[in-house]
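Worksheet: one structure, shown below.
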């Protein structure tokens, strides 16, 4: 039996978790500024150096709708492979990027929804999730200038299914670290929406409200009561596990943390060259309120810390869709997240870190 060739090509990179040897270091402030500069530069280049090739659509009234749905599947196998290979692997992925915008005189209503889910199943490692996201944005605005709207924005970011730390405490244990609406980020903001072209919109406001929700078993533990067995205790782990909500800076007794601060939300969607569409969304949030420091040994109590508005939270998602023919599509997605309150990284798993993830896939697609 020879290896069965894989139908899809897939590359997955996730640097959002600490390495088992503790080599993942806390990013320096200059690196965070670099990531912000890189993201903003991307939008600036595409906004002002590309010719707008969007199809001419009458947007004076009615709906302007479209999007892309893709399904990717891969399978591989081997037997007596001297160089070493999995006996079998299966991968499956789903991506959906859709929008529905309506213009009614001076009023406009813009909606976009990004969904993604992918997994890899191997004989030796079992099931592993490689992509999982829900991201919805809706904006209602009224024009106050030819390219400027007074707008109220709402967005939601979460995931479909549980996520796990596969090497918990460095012992190869598997602990649930996330789930549906655990966490979920909900924002509501009045502000200004600048639309220099049909492909680009830039929303900004000095005042917004954000809720971080961990509603799915916020006290989730691997061991009963969160008490770590003596045989697994180390100076780095302590005596107790951290409740799941604490991993996202949320008090498990309340399950919700409220933040207030400045928000910028940038969206770009354009056919940059023939049959290649680039979609990118960037959210920047600066929290003006005090933070939380959860106290050992149980991490169920906390003290308030000084505000750190300079530590800007970054959520940047990108999808490049390259059409091969009517039904075949190559997609590449790249996500970057930095949240100063998500302290799961570093040698002692108590520091923030820049999270990166990429996914390359080939599969069937429908564009509309």
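At a glance:
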quantity	calculated
Cα shape, segment 212-321, gyration tensor, a/c 1.5 rule	prolate
C-alpha center-to-center spacing [segment 246-271, segment 311-336] in angstrom	21 Å
Mean separation of Cα contacts under 8 Å (6+ apart) over length of segment 143-271, as relative contact order %	25 percent
Anisotropy class of segment 12-367 from Cα gyration tensor, a/c 1.5 cut	oblate
Cα→Cβ-extended label distance, 7 Å offset, between residue 273 and residue 123, nm	4.1 nm
Rounded if a/c under 1.5, otherwise prolate or oblate - segment 296-368, Cα gyration tensor axes	prolate
Distance between modelled label sites at residue 308 and residue 234, nm, 7 Å Cα→Cβ extension	2.4 nm
Extension gain (nm, one decimal) between residue 150 and residue 104, 0.36 nm per residue minus Cα-Cα	15.1 nm
Rough spin-label spacing in nm, given labels placed 7 Å along Cα→Cβ, for residue 253 and residue 223	2.4 nm
Residue order, fewest to most beta carbons within 10 Å, for 68, 366	366, 68
Relative exposure of 342, 272, judged by other C-beta atoms within 10 Å (fewest first)	272, 342
Ascending count of other beta-carbon atoms within 10 Å, so fewest first, for 254, 175, 357	254, 175, 357
Förster radius 25 Å - calculated FRET efficiency between residue 64 and residue 207 (Cβ-Cβ, nearest 0.05)	0.25
Sequence-separation-based contact order of segment 12-367, relative, with Cα cut under 8 Å and 6+ spacing, percent	16 percent
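We did not get these values from a lab; they are worked out from the coordinates using the rules stated. Here the structure is a predicted model, which is why all the values come from computation and not from measurement. With ideal geometry, Cβ positions are generated from the backbone for all residues, glycine too; neighbour counts draw on all protein chains shown.
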